[in-house]
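Have a look at the structure below, then the notes.
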Amino acid sequence: MKNLILDVDTGIDDAFALLFAARHPEINLLGVTCVDGNTSLPKVIKNTMKVLDAAGAKDIPVSAGATRPLIDEPRYAEMVHGADGLGDLGTPDSTRQLDPRPAVILLRDLIEGADGPVTLVPLAPLTNIALFLRSFPETAKKIERLVIMGGSASGGNATATAEFNVWHDPEAAAVVFNSGVPITMYGLDVFMKPLVTEKIAQELIARGETCSTFAGRLISNFIKQMGHDVTLGDYGAVLTALKPELATTESLALVVDTTFGPNRGQTAVDRRSFFERDDAHTHAPRIDVCVDIQTDVYRNTWLETIHG
Ligand code: BDR
Ligand code: CA
């Protein structure tokens with residue numbers, strides 16, 4: 001079993017990730033921490049609990065984290081994820097109770113109390129993770145690896161050069177990428193690859209089970225909104241944490257742009273040889289950047305897990 005903790009801003013593709021993590025037989029989902037990102041923190045918490053209900057998940061602790069980025073004002077992505085942040089499907093509220101511990105405390109307790117190594121999978125702006133690393137540096141050393149959905153080595157989505165999660169809180173991202181914890185970056189270079197179609201959505205709905213119906217409706221609605229096939233997105237980082245051999249990575253020097261110019265939030269990844277590097281990249285941390293994935297395996301593994 002692989003011990004995982006997810007940090008989420010649920011979010012349609014965070015939902016794909018949560019459904020998978022809660023249902024996969026080789027994943028021990030220790031807890032979920034929430035942060036503002038795709039939508040406000042209260043909506044993220046509601047959505048996360050609804051998704052765990054749909055997954056038929058046991059009583060996994062869900063905790064509240066940051067309500068805003070470290071420096072910037074929050075900027076949400078409700079044009080992508082809907083006014084409620086979860087595709088406006090009208091899913092009923094959960095009766096799950098929020099864990100009383102703030103996210104950084106829950107992270108500390110789960111990592112300290114785990115029966116083996118823990119991989120942390122941030123799928124959202126990195127505010128909670130930066131606050132945690134700064135609050136509990138000794139516990140941070142016990143993290144096996146961070147597998148982060150965020151950043152890009154090849155252009156952005158929030159801006160021409162910045163990916164949404166890093167752009168939302170660049171200072172937090174800079175703290176995390178420079179923390180010394182081993183990091184795999186599951187960024188936009190691979191994020192868009194595992195696509196799902198309307199046919200897949202209808203097949204999931206036709207099974208008539210709570211989880212598959214919920215997943216199918218999410219996909220179908222998302223396709224209608226976007227006007228094309230959609231990616232399973234954040235989910236890919238969870239499978240990469242579970243089965244790293246399915247992704248091709250390169251160890252590359254990475255600098256987060258925290259300046260207030262047009263490239264704020266860019267993860268500037270250096271593919272030049274060492275001798276051509278500028279000073280910033282010579283001293284930058286080496287990050288395992290996902291440059292390719294076994295796309296069909298990613299899609300099929302998700303479908304098999306959701307179908308049950
Ligand atoms: C990231 O931004 C959010 O909208 C998604 O949930 C994903 O984590 C992609 O840039
Ligand atoms: Ca997300």
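Out of Phe191, Phe164, report the one residue that is of a type in the set (Phe, Trp, Tyr) and free of Cβ contacts under 8 Å to residues at least 60 places away in the same chain.
Unique residue meeting the criteria: Phe191.
Going through Val32, Val104 one at a time, which residue ends up being within 16 Å of ligand 2 (Cβ to nearest atom) and touching a residue at least 24 places away in the same chain (Cβ under 8 Å)?
Going through Val32, Val104 in turn, just one is within 16 Å of ligand 2 (Cβ to nearest atom) and touching a residue at least 24 places away in the same chain (Cβ under 8 Å): Val32.
Before we move on, is Val256 crowded, with 21+ Cβ neighbours inside 10 Å and within 16 Å of the chain's Cα centre (by Cα)? Walk me through it before giving the result.
Details: crowded, with 21+ Cβ neighbours inside 10 Å: yes; within 16 Å of the chain's Cα centre (by Cα): no.
Spelling it out, it is not the case that Val256 is crowded, with 21+ Cβ neighbours inside 10 Å and within 16 Å of the chain's Cα centre (by Cα).
Confirm whether Thr240 is surrounded by 17 or more Cβ atoms within 10 Å (Cβ to Cβ), assigned to a helix (DSSP H, G or I) and out of contact with any Ser or Thr (no Cβ under 8 Å at 6 or more places or on another chain).
No: the conditions fail for Thr240.
I need the full set of residues from region 297-308 which are in contact (Cβ under 8 Å) with a residue 12 or more places away in the chain and open to solvent by 60 Å² or more (accessible area, probe 1.4 Å), in order please. Lay out the reasoning, then the answer.
First pass over region 297-308, keeping only residues in contact (Cβ under 8 Å) with a residue 12 or more places away in the chain: 297-299, 301-303, 305-308.
Scanning region 297-308 gives a single hit, Gly308.
Can you spot a residue in region 145-153 that is of a type outside the set (A, V, I, L, M), away from ligand 1 (no atom under 16 Å from the Cβ) and either out of contact with any Gly (no Cβ under 7 Å at 6 or more places or on another chain) or in a strand (DSSP E or B) (or both)?
Yes, because at least one residue in region 145-153 is of a type outside the set (A, V, I, L, M), away from ligand 1 (no atom under 16 Å from the Cβ) and either out of contact with any Gly (no Cβ under 7 Å at 6 or more places or on another chain) or in a strand (DSSP E or B) (or both).
Of the residues that sit in region 191-215 and are in contact with a Lys or Arg (Cβ under 8 Å, 6 or more places away or on another chain) and not polar (S, T, N, Q), which one is surrounded by the most Cβ atoms within 10 Å (Cβ to Cβ)?
Pro194
Taking region 73-100 as the search range and keeping residues that are of a type in the set (Asp, Glu) and surrounded by fewer than 18 Cβ atoms within 10 Å (Cβ to Cβ), which one is farthest from Ile223 (Cα to Cα)? Before the answer, list the steps.
Going residue by residue through region 73-100, those that are of a type in the set (Asp, Glu) are 73, 78, 84, 88, 93, 99.
After this cut, where a residue has to be surrounded by fewer than 18 Cβ atoms within 10 Å (Cβ to Cβ) as well, the list is 73, 78, 84, 88, 93.
Values: Glu73: 29, Glu78: 15, Asp84: 17, Asp88: 13, Asp93: 24 Å.
Out of the qualifying residues, it is Glu73.
State the number of residues belonging to region 269-290 that are loosely packed, with under 14 Cβ neighbours inside 10 Å, without any contact (Cβ under 8 Å) to a residue 40 or more places away in the chain and touching a strand residue (DSSP E or B) at 6+ places or on another chain (Cβ under 7 Å).
Residues flagged as loosely packed, with under 14 Cβ neighbours inside 10 Å, without any contact (Cβ under 8 Å) to a residue 40 or more places away in the chain and touching a strand residue (DSSP E or B) at 6+ places or on another chain (Cβ under 7 Å) within region 269-290 amount to 2.
Considering only helices (runs of 4 or more DSSP H) fully contained in region 160-221, which possess at least 2 residues that are within 16 Å of ligand 1 (Cβ to nearest atom) and of a type in the set (Gly, Ala, Ser)?
170-177
Of the residues that make up region 129-147, is at least one touching a His at 6+ places or on another chain (Cβ under 8 Å), surrounded by 14 or more Cβ atoms within 10 Å (Cβ to Cβ), closer than 30 Å to Val255 by Cα and modelled with pLDDT of 95 or more?
No, that holds for no residue.
Identify, please: which residue in region 1-26 is open to solvent by 10 Å² or more (accessible area, probe 1.4 Å) and among the hydrophobic types (A, V, I, L, M, F, W, C) and is, among those, farthest from ligand 2 (Cβ to nearest atom)?
Out of the qualifying residues, it is Met1.
Within region 1-120, considering only strands (runs of 3 or more DSSP E) that don't extend past its boundaries, which have at least 3 residues that are within 16 Å of ligand 1 (Cβ to nearest atom)?
Counting at least 3 such residues, we get 2-8, 27-34.
The values are calculated or read from the model by the stated rules, or taken from the named source; none is laboratory data. Here the structure is a predicted model, which means the values were calculated and not measured. Because the Cβ atoms are built from the backbone with ideal geometry, glycine has one as well, and the counts that use them run over all protein chains shown. Please note that ligands, DNA and RNA were not included when accessible areas were found on the heavy atoms of the full protein model with its side chains. Shrake-Rupley method; radii C 1.70, N 1.55, O 1.52, S 1.80 Å.
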